[in-house]
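The values are calculated or read from the model by the stated rules, or taken from the named source; none is laboratory data. All values derive from a computational prediction rather than experimental measurement. Cβ placement follows ideal geometry from the backbone for every residue including glycine, while neighbour counts extend to all protein chains displayed. When the accessible area is computed, the model is the full protein with side chains, heavy atoms only, and any ligands, DNA or RNA have been set aside. Shrake-Rupley method; radii C 1.70, N 1.55, O 1.52, S 1.80 Å.
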Amino acid sequence: MDWSLLTCARKGHITYAPDERPLRERLVVASPVGDAWRCLRCGAYVHGDPHGSGPADEAPLVKRGKELRDAFIMRFFAVERLIRGLIVAVAAYGVWRFAKSRGSIQEVFDKEIPLLRPIAKQFGWDLDHSKIVTSIRHVFGLEERTLRWLAIGLLVYAAIEITEAVGLWLLQRWGEYFAVVATCFGLPVEIYELSEKVTVLRIGALAINIGLIVYIIVTKRLFGVRGGRAAHEAHLRSESLMEVEHAATDPDVARPPHHAAG
């Protein structure tokens with residue numbers, strides 16, 4: 001899949017006219033209908049005026065190819081984190097409301113269980129020894145203060161998940177660090193739950209989180225891995241079409257720094 005073409009089809013092309021004449025001539029071609037400028041993302045020639053102009057070192061640093069694929073994966077994880085955060089937030093709200101109305105809910109539960117017992121027996125379900133019913137009765141035995149603290153804990157967890165989602169969606173480096181650290185703190189809990197009972201859902205969640213940690217650290221060069229931030233930014237510049245063409249015009253000229261990303 002050509003991620004550059006796919007992104008240009010969705011967002012449009014990005015063209016730029018550098019002031020340096022040799023470089024400028026490599027990025028534009030004349031045609032019967034006017035000049036066509038080369039897109040900094042996909043490399044296609046686009047008719048019309050360039051979107052920007054100025055010194056080459058002020059050209060936007062545009063993500064291309066593999067970097068666009070990485071951005072898609074980051075945003076996939078962001079959506080997963082957002083959905084999880086919203087579910088936990090709803091659970092926190094439910095626990096808080098239950099803490100306030102536990103008495104009335106328990107009264108209804110105790111009233112309905114005897115009525116459901118004969119129906120359950122028809123399906124071979126012993127409600128008196130059901131784990132679900134036992135768990136519900138255990139929750140009824142918790143103090144209101146305990147339930148409120150549980151709701152607060154769930155709300156904090158939801159806020160962490162949503163913060164991860166925002167940072168990853170915006171493709172910010174702080175979001176990548178935050179996601180790795182927060183996910184690492186959650187791994188011991190997931191491993192403990194898996195030691196108690198192995199389920200496909202728990203295995204899948206653990207695999208996703210470990211995969212996220214490894215993927216972000218390696219591809220984004222966090223914590224000094226593979227040269228750290230400096231190496232990561234140098235790689236982005238080396239993949240830039242403007243850098244490639246600039247090197248082609250004069251290989252001995254040092255690559256200028258870039259200031260903008262797109």
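Annotations for the structure displayed:
- Residues of segment 19-50 that are surrounded by 14 or more Cβ atoms within 10 Å (Cβ to Cβ) and more than 33 Å from the chain's Cα centre (by Cα): Glu20, Leu23, Arg24, Arg26, Leu27, Val28, Asp35, Ala36, Trp37.
- Subset tally (residues that are open to solvent by 80 Å² or more (accessible area, probe 1.4 Å), polar (S, T, N, Q) and under 25 Å from Ile73 (Cα atoms)) for segment 173-206: 0
- Qualifying residue in segment 140-154 (condition: at pLDDT 90 or above, among the charged types (D, E, K, R) and assigned to a helix (DSSP H, G or I)): no
- Residues in segment 1-23 that are in a helix (DSSP H, G or I), under 19 Å from Gly52 (Cα atoms) and hydrophobic (A, V, I, L, M, F, W, C): Cys8, Leu23.
- Residue that is modelled with the highest pLDDT [pool: residues in segment 217-248 that are open to solvent by 60 Å² or more (accessible area, probe 1.4 Å) and of a type in the set (A, V, I, L, M)]: Val218
- Flag for Glu58 being closer than 19 Å to Arg237 by Cα and surrounded by fewer than 19 Cβ atoms within 10 Å (Cβ to Cβ): yes
- Every condition in (1) at pLDDT below 85; (2) surrounded by 17 or more Cβ atoms within 10 Å (Cβ to Cβ); (3) part of a helix (DSSP H, G or I) holds for Arg64 except the one numbered (3).
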